[in-house]
Amino acid sequence: MTTVERLRLTVIEELTDGLINGTTAASKLNLSVRQVKRLKAQFRNKGHDGLIHGSRGKTGTRKIDINLEENIVKIINNKYHDFGPLLAHEKLQEFHQIKLGHETIRIIMIRNKIWKSKKRKRSQYFAWRERRSSYGELQQFDGSYHNWFEGRNPLLPEACLLASIDDATGKITYAKFDHNESVMAVFKFWWEYIELNGIPKEIYLDKFSTYKINHKMAVDNSELMTQFGRAMKSFGTNLICANTPQAKGRIERLFQTLQDRLVKEMRLDNIDNIDNIESANIFLKDKFVPWFNSRYSVIPKSNNNCHRTLDTVTRAKLGGTFSKQYVRGINNDFTIQYNCQWYQLKEIQPTTVFKTEKVMIEERLDDTIKIKYKNHYLNFFILPDKPLKVKSVPFILTEHKSNWVPPPGSLLERQFSYSQ
């Protein structure tokens, strides 16, 4: 008997012997008088056993069959040994037709020492920020380096997953694997994002060097910005740099989920032994992201879509917008040096070009080089070597041929003859 049952026995014996009445017994046991009468009757009929709960020692009606539990443990150990209870419950129901509650699966995994319950540590307090009201109003964006393919691809031991999540709905608006979080990889991501969804109003990201100039002198000079900052400013998109990871906690929590679920889903889908990451990106686009959004997205307060649609002119300029841009000067012989390479401007140009003017070098995503001057792209060709100095050169380059003739035998004569 338990302690409670032994104390109850003492009171019922006093009641049976007539030492106390039913009201006093009910008060001592914190029970109703009717219940005390039933306990007294059971004590007279069965003795001490009448005060013990009737279900004690019997198998519960909801107890899992031992053979079923052993089968579940075997399946989990063979296929889902590193899965959490919720994910294991989903896969058991999807692939093995075992329809039990996720809490039951959790208990089975704990009982068989497959999974250990984790206690969350109390962390620093952060005030909760309310979600934005409309879809496309704020995108939280980041990149996550992780062993996404679990070493199955020796050519790609670690990849970077770039992802954006909508603050209002919790939807993954776009995600793709790339080799790193460089400015060119981020440019490719947002080019594809804008063509798919439109231009977002704001982007919430961290202070990684791709997104923000972290030099101490940049504090007092707000005009200093990265290539990515310059590109998004041209779209009118505001960038918000978080001071802590918790500030953009939605994207941080997303990567925690993806590092668990996405890795295991790609393993089950046999995405391995690939020389590139295209298969993983197709799996993301066609399977995982639609499933995630249908499962975890929420309904926003407003039905408005704050994404701005691309117009024809802006779409035509995407190649130049998403390019690394650098300012260079035109030399006296109308050559331009960039990245250890020399470029010679041709004689005929779409606009008048003067010596010593500044031009914009665009290094595009397809590895091509464009030279821009006053909203015009100049005509040029690559020189095989550093040009020789010459005494006389054309004063300007314009839309028609000039009367200037290069000195005989000079390198410029050969270069201009080649260009013509």
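Since every read-out is calculated from the coordinates, none of them should be taken as a lab result. Everything numeric here is computed off the predicted structure, so don't read it as measured data. No Cβ is skipped: glycine too gets one built from the backbone with ideal geometry, and neighbour counts run over all protein chains shown.
Less than 12 Å Cβ to Cβ from Gly170, Lys/Arg counted +1 and Asp/Glu -1: what total charge do the surrounding residues give?
Details: positive: Arg131, Arg132, Lys171, Arg250, Arg253, Arg295; negative: Asp166, Asp167.
Neighbour charge sum, excluding Gly170 itself: +4.
In debye, nearest 20, what is the charge dipole magnitude of the stretch 33-171 about its Cα centre with +1 on Lys and Arg Cβ and -1 on Asp and Glu Cβ, if you could check? Mind dumping the intermediate values first?
Working: 28 positive and 15 negative charges, 339 e Å.
Computed about the Cα centre, the dipole is about 1620 debye.
Would you mind classifying the stretch 66-111 by shape? Square roots of the alpha carbon gyration tensor eigenvalues, ordered a ≥ b ≥ c; an a/c under 1.5 is rounded, otherwise it is prolate if a/b is larger than b/c and oblate if not. Working shown, then result.
Values: a/c = 1.09, a/b = 1.06, b/c = 1.02.
It is rounded, given that a/c, with a ≥ b ≥ c, falls under 1.5.
For the chain, list the DSSP H helices whose alpha carbon atoms reach 18 Å or more along the long axis and whose average Kyte-Doolittle value is 0.0 or above?
Span-like helices here: 3-16, 183-197.
Taking DSSP loops as anything outside H, G, I, E and B, show the longest stretch in the chain free of chymotrypsin sites (Phe, Trp or Tyr not before Pro) there with at most 11 other beta carbons within 10 Å.
129-394
Cross-link list Lys207/Lys233; Lys37/Lys58; Lys207/Lys287; Lys176/Lys248; Lys118/Lys285: which exceed 28 angstrom alpha carbon to alpha carbon? Don't jump to the answer; show the numbers that get you there.
Working: Lys207/Lys233 17 Å; Lys37/Lys58 26 Å; Lys207/Lys287 31 Å; Lys176/Lys248 19 Å; Lys118/Lys285 32 Å.
With Cα atoms farther than 28 Å apart: Lys207/Lys287; Lys118/Lys285.
What's the exposure ranking of Leu224, Leu87, Leu15, Leu284, going from fewest to most Cβ atoms within 10 Å? Walk me through the intermediate numbers first.
Numbers: Leu224 13, Leu87 17, Leu15 22, Leu284 25.
Taking fewest neighbouring Cβ atoms as first place, the list is Leu224, Leu87, Leu15, Leu284.
Would you mind checking the stretch 181-199 for residues with the amide N under 16 Å from a putative spin-label position 7 Å along Cα→C-beta of Asn214?
Within reach of a label on Asn214: 181-183.
Modelled label-to-label distance, Glu278 and Ser32, 7 Å Cα→beta-carbon offset: nm?
7.5 nm
Report the residue, chosen from Ser133, Ser55, Ser279, that carries the largest GNM mean-square fluctuation when the chain is represented by alpha-carbon nodes joined by springs under 10 Å.
Ser55
Using modelled amide H (1.01 Å from N, peptide plane; none on Pro or chain starts), what sits under 5 Å from the amide H of His307, excluding residues fewer than 5 places away?
Result for His307 returns nothing.
What does the charge add up to near Lys201, with Lys and Arg as +1, Asp and Glu as -1, over the other residues with Cβ less than 13 Å from its Cβ?
Result for the neighbourhood of Lys201: -2.
So for the chain, averaging the separation of alpha carbon pairs under 8 Å that are six or more residues apart and normalising by length, what relative contact order in percent results?
Details: 564 pairs, mean separation 48.8, N = 420.
Relative CO of the chain lands at 12 percent.
Report ³J(HN,Hα) in whole Hz for each residue of the stretch 134-142, in order, from the Karplus equation J = 6.51 cos²θ - 1.76 cosθ + 1.60 where θ = phi - 60°; Gly and Pro get x.
So the Karplus estimates, Gly and Pro as x, are 10, 5, x, 6, 8, 10, 8, 10, 6 Hz.
If you put +1 on each Lys and Arg Cβ and -1 on each Asp and Glu Cβ, how big is the dipole of the chain around its Cα centre, in Debye rounded to 20?
Details: 66 positive and 46 negative charges, 399 e Å.
Rounded to the nearest 20 debye, it is 1920 debye.
I'd like to compare 59-67, 153-161: which one has the highest average count of other Cβ atoms within 10 Å, and what's the full order after that? Spell out each step's value before the answer.
On the way: 59-67: 8.1, 153-161: 15.4.
Highest-to-lowest ranking by the protection proxy: 153-161, 59-67.
Is the shape of the stretch 3-51 best called rounded, prolate or oblate, per the rule: a/c under 1.5 gives rounded, else a/b larger than b/c gives prolate, else oblate, with a ≥ b ≥ c the square roots of the Cα gyration tensor eigenvalues? Spell out each step's value before the answer.
Details: a/c = 1.40, a/b = 1.27, b/c = 1.10.
Since a/c stays below 1.5, the shape of the stretch 3-51 is classed as rounded.
What length, rounded to one decimal in nm, is gained on full extension from Ile382 through to Lys188, with 0.36 nm per residue of separation minus their alpha-carbon distance?
This chain segment gains 67.2 nm when fully extended.
Note down the Stokes-Einstein diffusion coefficient of the chain in µm²/s, whole number, using a Kirkwood radius over alpha carbon pairs, 4 °C, and 1.567 mPa s.
On the way: Rh = 28.6 Å.
Here the translational diffusion coefficient equals 45 µm²/s.
So what's the back-of-envelope 222 nm ellipticity for the chain, counting only DSSP H runs of four-plus at -39500 (n - 2.57) apiece and dividing by all residues, rounded to 500? Spell out each step's value before the answer.
Numbers: 14 runs with 146 residues, N = 420.
That calculation yields -10500 deg cm²/dmol at 222 nm.
Which of Ile361, Ile282, Tyr326 sits closest to the plus end of the dipole of the chain, meaning its Cα is farthest towards the positive end, when Lys and Arg get +1 and Asp and Glu get -1 on the C-beta?
So the residue we want is Ile282.
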